[in-house]
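Any read-out appearing in this document is the output of simple, stated calculations on the displayed coordinates, not a laboratory observation. Quantities reported herein were computed from a predicted structural model and do not represent experimental measurements. Neighbour counts are summed over all protein chains in view; Cβ atoms, including those assigned to glycine, are modelled from backbone coordinates with ideal geometry.
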Amino acid sequence: MISAVEMVGITKTFPGVIANDKIDFVVEKGEIHGLLGENGAGKTVLMSILYGLYRPDEGKIFVHGNEVKIDGPNIAIQLGIGMVHQHFMLVPSLTVAENIILGREPAKNKVLLDIERALKDLEGFCGRYRLEVDLKSPIYTLPVGTQQRVEILKTLYRGADILILDEPTSVLTPSEVEELFKALIALKTQGKTVIFISHKLKEVLAICDRITVLRRGKVVGTVKANETNVDDLAQMMVGRNVFLTFKKKEVSSKEVVLRVENLKAINDRGLPALRGITFEVHASEILGVAGVEGNGQTELVDVLMGVRKSEGKTLLENTDISEKTPGDRIRLGISHIPEDRNKNGLILDFSVMENLILGSQNEPPFTSDKVRLNLKEASNYASRLIKDFSIKTPSQETPARHLSGGTQQKVIVAREFSRKPKLIIASQPTRGLDVGATEYVRTKLVEMRDQGCAVLLISADLDEIWALSDRIAVIYEGEIVAIKDPETTNDQEIGLLMTGGKSA
């Protein structure tokens, strides 16, 4: 049987890095093939080569048994290869139909757009692939799951038989993931081939026929999905056993560390973002906030950190901090892992040492007069954190921008946790991290919880919410619509609540 894709001996180097090292990768026609690997393992480079974004230094590519040279995405598209990127390439102001036909518009009299013909053709096209969507809706009005469906339709409309999906479920709700999987299975039954790149091991096992794992630019192995499991895949990716579940100490403390009462705030567009939110977080508790992104999570964190105006009360151990500055809140015992580490967590041109004391640089022991920095104290402190938190850096003088994403996150975790906080606000703490770095951050959060810290975990990753949370608060359109015990709820109920439905 002739394979849909065969990549033989693919090697690609960048200055100082071998991204792909003699990789052999085979995808059979009509299968859903998973591609796994830590950040930097080489999977994105490999797929970029297949899609024509990079050229290999060595190796051969065969598509449907024919050797090909893919010099650009236009050649890949001609060969029937399409790629749905993690960040959608849609024009928000255009309709679904206009986005799908963009660049291939049917013309009336070879001049004017024949929209009626386009709509008629697309109705049959969507039905054929069981990807139903309102063709006249502007993209900006659609939920993320529907936008992704449009991306897939756009790729199929250009004649793709081989689809590369890059982290396709990263921002989808459980119900949207279920709908996506139904669509992919329908495509598979029609003979389409899918390459599925993901960090979510359970999803890869649920949808894929076979799975190839890369580590440090090399193929570790290819396995059948029905002959492996989450633990084995994680070990293949990292090269050691990885903890995917976490044991938490039993605690009796019910002390309220954070209480918010009737919080209201507007977003950057002047529209209501928080609509009277009330909840509590206790000592030695992780309260997970689950919700589709854009339902008020970002504004909630901004309010709690004192960088967004709000109505209502925020109390830390019965002290009203509603009018306190961000600096005051840090000094009172709040630590924060921001959702965008490069924008809000680090100053990339500052050294590792400078980032490790950021926010405390005007406090003892780093200064006695709030003007002159005690470099010896700062250096000793940085050395201790680099050792205690296993921060892989050439030196403490290395600029933060030269570190990997996982190491950058470790710098933030080291700085925030070493302040001995009463409350940790962890916003998307493992976003963009690979399995090993994710395990590290989650383990540290549980350790802080076990030591008596209160943790507010905001995450779009439901697996993370389930793995860490003592209670789960669901946010929808700026309101906490339910707070659930993980022992008495399930994915379906949480997913329903996340999209505005009512639980049983």
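Which entry in (i) 24.8, 79; (ii) 24.5, 91; (iii) 43.2, 166 is this structure's computed Rg and Dmax of the Cα atoms in Å?
Among (i) 24.8, 79; (ii) 24.5, 91; (iii) 43.2, 166, the one calculated here is (i).
Could you check the simple spin-label distance between residue 240 and residue 388, using points 7 Å along Cα→Cβ, in nm with one decimal?
2.1 nm
Roughly how many whole Å is it from the C-alpha centroid of the stretch 246-265 to that of the stretch 52-83?
53 Å
If you build the convex hull over the alpha carbons only and average its shadow over all orientations, what do you get for the stretch 5-238? Give it in nm² to one decimal. All intermediate terms of the calculation are to be shown ahead of the outcome.
Numbers: hull surface 53.7 nm².
Answer in nm², one decimal: 13.4.
Under 30 Å between C-alpha atoms is the cut-off here; go through the stretch 246-365 and count lysine pairs that meet it, provided they're at least eight residues apart or on different chains.
Counting lysine pairs in the stretch 246-365 gives 13.
So how strong a dipole does the stretch 5-238 carry about its Cα centre when Lys and Arg Cβ are +1 and Asp and Glu Cβ are -1, to the nearest 20 debye? Don't jump to the answer; show the numbers that get you there.
Details: 28 positive and 30 negative charges, 79 e Å.
The calculated dipole for the stretch 5-238 is roughly 380 debye.
For the stretch 311-397, which trypsin sites (Lys or Arg not before Pro) pass both filters: DSSP loop (anything but H, G, I, E, B) and at most 15 other C-beta atoms within 10 Å? Could you put the intermediate results ahead of the total?
Values: sites: 313, 324, 329, 331, 341, 343, 370, 372, 376, 384, 387, 392; in loops: 324, 370, 372, 392.
For trypsin sites (Lys or Arg not before Pro) across the stretch 311-397 that sit outside H, G, I, E and B with at most 15 neighbouring Cβ atoms in 10 Å, the list reads 370, 372, 392.
Given only helices, namely DSSP H runs of n ≥ 4 each adding -39500 (n - 2.57), what is the per-residue ellipticity at 222 nm of the chain, to the nearest 500 deg cm²/dmol? The partial results should precede the final answer.
On the way: 16 runs with 158 residues, N = 504.
Calculated from helices alone, the mean residue ellipticity at 222 nm is -9000 deg cm²/dmol.
Given the stretch 5-238, what percent of its DSSP beta bridges are antiparallel, to the nearest 5? Don't skip to the answer; put the middle values down first.
Working: 24 of 42 bridges.
Of all bridge pairs located within the stretch 5-238, approximately 55 percent are antiparallel.
Looking at the chain, send over the antiparallel percent of its DSSP beta bridges, to the nearest 5. Could the numbers behind the result be given before it?
Working: 45 of 82 bridges.
Approximately 55 percent, going by the DSSP bridge assignments.
Which links in 192/392; 12/224; 420/484 stretch past 31 Å when you go from one Cα to the other?
Values: 192/392 43 Å; 12/224 27 Å; 420/484 28 Å.
From 192/392; 12/224; 420/484, over 31 Å: 192/392.
Show me the GluC sites (Glu not before Pro) within the stretch 126-192 that DSSP assigns to loop and that have at most 16 other Cβ atoms within 10 Å of their Cβ. Working shown, then result.
Details: sites: 132, 151, 176, 178, 179; in loops: 132.
Within the stretch 126-192, the qualifying GluC sites (Glu not before Pro) (loop, at most 16 other Cβ atoms within 10 Å) are 132.
Please enumerate, by chain and number, the aspartates and glutamates with C-alpha under 16 Å from the C-alpha of residue 376, excluding those fewer than 8 residues away in the same chain.
Within the straight-line cut-off, residue 376 pairs with 354, 363, 397.
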